[in-house]
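The values are calculated or read from the model by the stated rules, or taken from the named source; none is laboratory data. All values derive from a computational prediction rather than experimental measurement. Note: ideal-geometry Cβ built from the backbone for every residue, glycine included; neighbour counts use all protein chains shown. Note: areas computed on protein heavy atoms with side chains; ligands, DNA, RNA excluded. Shrake-Rupley method; radii C 1.70, N 1.55, O 1.52, S 1.80 Å.
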Amino acid sequence: GAVVSQHPSWVICKSGTSVKIECRSLDFQATTMFWYRQFPKQSLMLMATSNEGSKATYEQGVEKDKFLINHASLTLSTLTVTSAHPEDSSFYICSAQTSSNTDTQYFGPGTRLTVL
Amino acid sequence: GEDVEQSLFLSVREGDSSVINCTYTDSSSTYLYWYKQEPGAGLQLLTYIFSNMDMKQDQRLTVLLNKKDKHLSLRIADTQTGDSAIYFCAERTDYKLSFGAGTTVTVRA
């Protein structure tokens, strides 16, 4: 149980294009989903918190117009990197939080974005 | 996260025990977690401990929490080659997780 998927697992795009990454909770409903960014050999940095049906809450320094988040249902959140540039190349990981007592976050397998 | 610190590397012989240490700063943390990340993959939840507990054991994993010193450790008994990975500790405050930089564990034969 508590499986989270991401699609695509990797993507290469040209500079200036937009890329959409999907995050799905497969066997549970997630009231809250989180988007993280991980640079090589570094920890995860929280980008934004997404609650179903409401606007995402972005962390300080994260441009909301650059990283568009949509949380349309209790099982799906999307992150769109708009007008991507090489410095946006990174490993993007989502997590979904259950509504259990522990509110544990379960992580997706990540999406490797490379912007040429 | 700057509030969670871990040693960066640990090398251990196969069959020995591994101990990974972590310190955190926020005394209002409710839960503390250990996650495992293999190359190119997401994070796998290994175990967690509630902040009012001292110890939790789950098969080969033992978590010790010293709340006074804000110190968390993960002991892996009988370490195997498949345990080679990066291990992250994380503290939960409110609804957010703050991660350490990760400890790279290398298991040698």
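The table below lists the values:
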read-out: Those residues of the stretch B:91-109 which are open to solvent by 50 Å² or more (accessible area, probe 1.4 Å), more than 7 Å from chain A (Cβ to nearest Cβ) and in a strand (DSSP E or B), in sequence order; value: B:Thr106, B:Arg108
read-out: Residues satisfying the stated conditions in the stretch A:57-89, i.e. on the phi > 0 side of the Ramachandran plot and either in contact (Cβ under 8 Å) with a residue 12 or more places away in the chain or touching an Asp or Glu at 6+ places or on another chain (Cβ under 8 Å) (or both); value: A:Ser83
read-out: Restricting the stretch A:31-44 to residues that are within 10 Å of another protein chain (Cβ to nearest Cβ) and open to solvent by less than 30 Å² (accessible area, probe 1.4 Å), the residue that is farthest from B:Ile86 (Cα to Cα); value: A:Thr32
read-out: Residue that is nearest to B:Asp78 (Cα to Cα) [pool: residues in the stretch B:33-44 that are under 10 Å from the mean Cα position of the chain (by Cα) and within 11 Å of chain A (Cβ to nearest Cβ)]; value: B:Lys36
read-out: Considering residues of the stretch B:80-90 that are out of contact with any Asp or Glu (no Cβ under 6 Å at 6 or more places or on another chain) and surrounded by 14 or more Cβ atoms within 10 Å (Cβ to Cβ) only, the residue nearest to the other protein chains (Cβ to nearest Cβ); value: B:Phe88
read-out: Unmet requirement for B:Ser51, which otherwise passes all of (1) under 23 Å from A:Gln42 (Cβ atoms); (2) within 14 Å of another protein chain (Cβ to nearest Cβ); value: (1)
read-out: The stretch B:11-64, residues that are at negative phi, in a loop (DSSP other than H, G, I, E, B) and not small (Gly, Ala, Ser); value: B:Glu14, B:Asp16, B:Thr25, B:Asp26, B:Thr30, B:Glu38, B:Pro39, B:Asn52, B:Met53, B:Asp54, B:Arg60
read-out: So B:Leu46, is it in contact with a Ser or Thr (Cβ under 8 Å, 6 or more places away or on another chain), of a type in the set (A, V, I, L, M) and crowded, with 17+ Cβ neighbours inside 10 Å; value: no
read-out: Residue satisfying condition, being surrounded by 17 or more Cβ atoms within 10 Å (Cβ to Cβ) and away from chain B (no Cβ under 13 Å), within set A:Ser18, A:Ser77, A:Ser54; value: A:Ser77
read-out: Out of B:Val4, B:Val19, B:Val12, sole residue that is of a type in the set (Val, Ile, Thr), more than 10 Å from every other protein chain (Cβ to nearest Cβ) and open to solvent by less than 20 Å² (accessible area, probe 1.4 Å); value: B:Val12
read-out: Among (1) touching a helix residue (DSSP H, G or I) at 6+ places or on another chain (Cβ under 8 Å); (2) aliphatic (A, V, I, L, M); (3) within 12 Å of chain B (Cβ to nearest Cβ), the one test that A:Met47 misses; value: (1)
read-out: Selected residue (only one of A:Cys94, A:Cys23 is buried (at least 18 other Cβ atoms within 10 Å of the Cβ), within 30 Å of B:Ile49 (Cβ to Cβ) and at the interface with chain B (Cβ under 10 Å from one of its Cβ atoms)); value: A:Cys94
read-out: Per-region count, the stretch A:22-36, residues closer than 17 Å to A:Asn70 by Cα and either at pLDDT 90 or above or in contact with a strand residue (DSSP E or B) (Cβ under 6 Å, 6 or more places away or on another chain) (or both); value: 10
